[in-house]
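Following: one structure in structure tokens, then a few remarks.
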Amino acid sequence: QDVLSVSARVAPVGSQLILVLVEDRTKERRVDAIRRDFVANVSHELKTPIGALVLLAEAVQHAADDPEAVQRFSNRMQIESERLTRLVQQIIELSRVQADDPVEEASVVRLDRVIDGALDRSRVDAQAKFVELVRAGETDLRVAGSEQQLVIALGNLIENAVSYSPHHTRVVVDVRRTAPDPDTAGVDGVSQIIEISVSDQGVGIPEKELERVFERFYRVDQARSRETGGTGLGLSIVKHVAASHGGAVEVWSVEGEGSTFTLQLPLRNDPTVDIPRPGGPN
Ligand code: ADP
């Protein structure tokens, strides 16, 4: 419960002096609870592929004289090992983006490099499904933050778009910037927002699930996510990176038609961040 913890000390100095310390541990407790939850979830998620691998290893031993069964079980073992690897990778990525808080504001990141890096992570999967990856909108923009983290975040959105789309569809990565707001321009360094949207023609997300997809380990369709090797961590990483860059992530989706995830990042007119003018030199 959110309660204040109170501790008291009595220290005799000359005549008696009573010192009362009141400490608000609310936030600390909440963080502890989140950490405990996370560890419990991670253990649960790890148990599934590890349990499957143990059973499959036993099955292979018992099927030694049936080469076809051995082949089948070892294929499953490979799939489960890949799932385990991906899960561990994403857990490491999530803890890395959380540990890096707050992001170094002064470093200038070229958005084009972020988008190229993020697209590269999905090229092989997209080709295998004949999904066309299209880059649209503005180029030569810069944001403040960590290139590595932004590649991970945008990469996760593109990976999802490809994963949850049928063959022979398109995934479009579009970059726009909002018009400068004369009231905020120059105040606190924020004048414009860059919107990077990733749109697909995939399965979409039911409206009632939209709010929950950014939660850790949340998957709309367990079976489908399992099929695609999903961990349920990708979007929580995106949300974290967006927030640590002073931005946000939004989703718009129609079931059966497709989804658009939009990453919003602030352009800063901080003198250490060289913001190019439209059509001007980069
Ligand atoms: P996962 O590793 O399962 O993809 P994410 O955190 O990246 O985990 O996404 C959470 C859930 O949101 C997914 O399991 C999926 O159900 C849904 N989702 C994410 N992106 C898309 C998309 N582009 N189209 C349809 N569903 C999506």
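I'd like to check something: does the stretch 126-142 contain any residue that is over 21 Å from Arg110 (Cα atoms) and in contact with a helix residue (DSSP H, G or I) (Cβ under 6 Å, 6 or more places away or on another chain)? Walk me through it before giving the result.
Pass one, the stretch 126-142, residues over 21 Å from Arg110 (Cα atoms): 126-132.
Checking the rest, the ones that are also in contact with a helix residue (DSSP H, G or I) (Cβ under 6 Å, 6 or more places away or on another chain) come to 126, 131.
Among the residues of the stretch 126-142, at least one is over 21 Å from Arg110 (Cα atoms) and in contact with a helix residue (DSSP H, G or I) (Cβ under 6 Å, 6 or more places away or on another chain), which makes the answer yes.
Just to be sure I understand, how many residues within the stretch 159-178 are more than 9 Å from the ligand (Cβ to nearest atom) and either within 22 Å of Val109 (Cβ to Cβ) or crowded, with 21+ Cβ neighbours inside 10 Å (or both)? Steps first, please.
The first filter runs over the stretch 159-178 and keeps only residues more than 9 Å from the ligand (Cβ to nearest atom), leaving 166-170, 172-178.
Cutting the leftovers down to either within 22 Å of Val109 (Cβ to Cβ) or crowded, with 21+ Cβ neighbours inside 10 Å (or both) gives us 172-178.
The number of residues fulfilling the criteria is 7.
Are any residues in the stretch 214-243 modelled with pLDDT of 90 or more and part of a helix (DSSP H, G or I), and if so, which ones?
Across the stretch 214-243, the qualifying residues are Gly234, Leu235, Ser236, Ile237, Val238, Lys239, His240, Val241, Ala242, Ala243.
Please verify whether the stretch 135-148 includes one or more residues that are within 11 Å of the ligand (Cβ to nearest atom), in contact (Cβ under 8 Å) with a residue 60 or more places away in the chain and charged (D, E, K, R). If you could, list the steps in order and put the result at the bottom.
Looking only at the stretch 135-148, we keep the residues that are within 11 Å of the ligand (Cβ to nearest atom), and these are none.
No, that holds for no residue.
If a residue must be more than 16 Å from the ligand (Cβ to nearest atom) and either outside any helix (DSSP H, G or I) or open to solvent by less than 10 Å² (accessible area, probe 1.4 Å) (or both), how many such residues does the stretch 122-134 contain?
The initial filter retains those residues of the stretch 122-134 that are more than 16 Å from the ligand (Cβ to nearest atom), namely 123-124, 127-128, 130.
Going one step further and asking which of them are either outside any helix (DSSP H, G or I) or open to solvent by less than 10 Å² (accessible area, probe 1.4 Å) (or both), we end up with 130.
So the answer is 1.
Kindly provide the set of residues from the stretch 135-150 that are surrounded by 20 or more Cβ atoms within 10 Å (Cβ to Cβ) and under 20 Å from Gln201 (Cβ atoms), ordered by number.
Within the stretch 135-150, none qualify.
Within the stretch 48-61, which residues are more than 36 Å from the chain's Cα centre (by Cα) and surrounded by fewer than 12 Cβ atoms within 10 Å (Cβ to Cβ)?
Result: Gln61, single match.
Which one is modelled with the highest pLDDT among residues in the stretch 89-108 that are exposed (fewer than 14 other Cβ atoms within 10 Å of the Cβ) and assigned to a loop (DSSP other than H, G, I, E, B)?
Residue satisfying both the conditions and the ranking: Ser107.
Return the only residue of Arg30, Arg9 being at pLDDT 75 or above and open to solvent by 100 Å² or more (accessible area, probe 1.4 Å).
Going through Arg30, Arg9 in turn, the sole match is Arg30.
Return a yes/no flag: does the stretch 179-192 have any residue that is open to solvent by 20 Å² or more (accessible area, probe 1.4 Å), at pLDDT 90 or above and not in a loop (DSSP other than H, G, I, E, B).
No - not one qualifying residue is present in the stretch 179-192.
The values are calculated or read from the model by the stated rules, or taken from the named source; none is laboratory data. Note that this is a predicted model, so its numbers are computed, not measured. Positions of Cβ are generated from backbone atoms using ideal geometry, with glycine treated the same way; all protein chains shown enter the neighbour counts. Just the protein is used for accessible areas: all its heavy atoms, side chains included, with ligands, DNA and RNA removed. Shrake-Rupley method; radii C 1.70, N 1.55, O 1.52, S 1.80 Å.
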